[in-house]
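Only the coordinates and a few stated rules stand behind these numbers; no lab work does. Model, not experiment: these values are computed from the prediction. When we count neighbours, we look across all protein chains shown, and the Cβ atoms used for this are built from the backbone with ideal geometry, even at glycine.
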Amino acid sequence: MGVRITGKLALVTGASSGIGTAVARRLAADGCHLALWARRADRLDALVAELRAAHGIEAAGAAVDVRDRDAVNAAAAALLARRVPDILINNAGLAAGLSKLQEGDPDDWDRMIDTNVKGLLNVSRAVLPAMVGRGTGHVINIGSTAGHQVYPMGNVYNATKFAVRALTEAMNLDVAGTMVRVGAVDPGHVETEFAQVRFHGDAARATQVYEGFRPLGPDDVAEVVAFVVNLPEHVNIADAVVLPTAQRNVYVIHRAGGA
């Protein structure tokens with residue numbers, strides 16, 4: 001398959017770590033120009049400098065919290081004044097806490113809902129009209145197997161990722177009649193800072209999540225994203241569920257030692 005995204009512009013949210021950073025690097029390797037958004041400006045600056053030097057692409061970072069609608073709209077307006085992105089990767093997201101609903105922390109709920117659902121809506125609402133007006137574009141929402149199957153104490157995180165799945169399907173309907181494509185990439189276990197964030201910095205507890213099997217790495221997910229966005233314009237992958245081979249669904253994971 002040829003590289004079709006060379007010279008195009010991709011906007012990646014949550015680009016300062018994990019899957020977002022890996023996607024940025026992978027798309028840059030294909031010659032794609034980048035607009036990178038995240039909360040941590042220092043990490044963005046380092047990544048922008050790295051990708052410009054390594055691949056000779058145009059790259060720019062902006063410190064944007066996707067929960068802040070005014071900030072999203074301002075950053076989007078500045079970007080659109082220069083160029084309409086060809087690709088939008090809605091990657092910003094997190095899990096906070098792991099507890100029964102009746103024992104959950106509402107502050108954790110707000111963080112997840114505001115980032116995973118409202119953040120995706122904020123960015124999509126700011127960028128999608130320009131894509132629709134032009135008639136072309138490609139939106140990839142980074143979902144999760146948690147949006148296909150619930151698991152104990154996942155409740156609100158599961159709900160946000162089910163929402164991402166529903167919004168992906170609904171966005172596809174809303175852009176019918178254009179060549180704008182909308183799809184999702186839904187990973188299973190990926191070893192990133194995700195678990196540490198979920199457990200509020202408890203590294204030991206986070207490590208236990210991945211014990212006994214090889215999870216996906218961010219680069220694995222980025223490879224799937226690159227495959228999807230490089231497909232011909234008449235091909236739209238509506239949803240790609242990506243699992244490590246040791247994981248067969250949310251519950252079935254073969255761990256060394258028979259666990």
Packing-based order for 233-241, 18-26, using average beta carbon neighbours within 10 Å, highest first: 18-26, 233-241
FRET efficiency, 1/(1 + (r/R0)^6) with R0 22 Å, evaluated for Arg82 and Glu50 via beta carbons: 0.50
Rounded to 5, percent antiparallel among DSSP beta bridges of the chain: 5
Trypsin sites (Lys or Arg not before Pro) restricted to DSSP loop in the range 40-125 with at most 16 other C-beta within 10 Å: Arg40, Arg83, Lys100
Computed E for Ala256/Glu223 - FRET, C-beta separation, R0 22 angstrom, nearest 0.05: 0.30
Whole-Å distance, taken between Cα centres, linking the range 38-70 and the range 78-101: 13
Dimensionless Rg over Rh [the range 9-242; C-alpha; Kirkwood]: 0.95
Mean separation of Cα contacts under 8 Å (6+ apart) over length of the range 126-234, as relative contact order %: 28
Chain lengthening between Ala238 and Ala166 when straightened (0.36 nm per residue, less Cα-Cα): 24.8 nm
Cut-off 17 Å (backbone N to label point 7 Å along Cα→Cβ of Asp42), residues of the range 16-36: 16-18
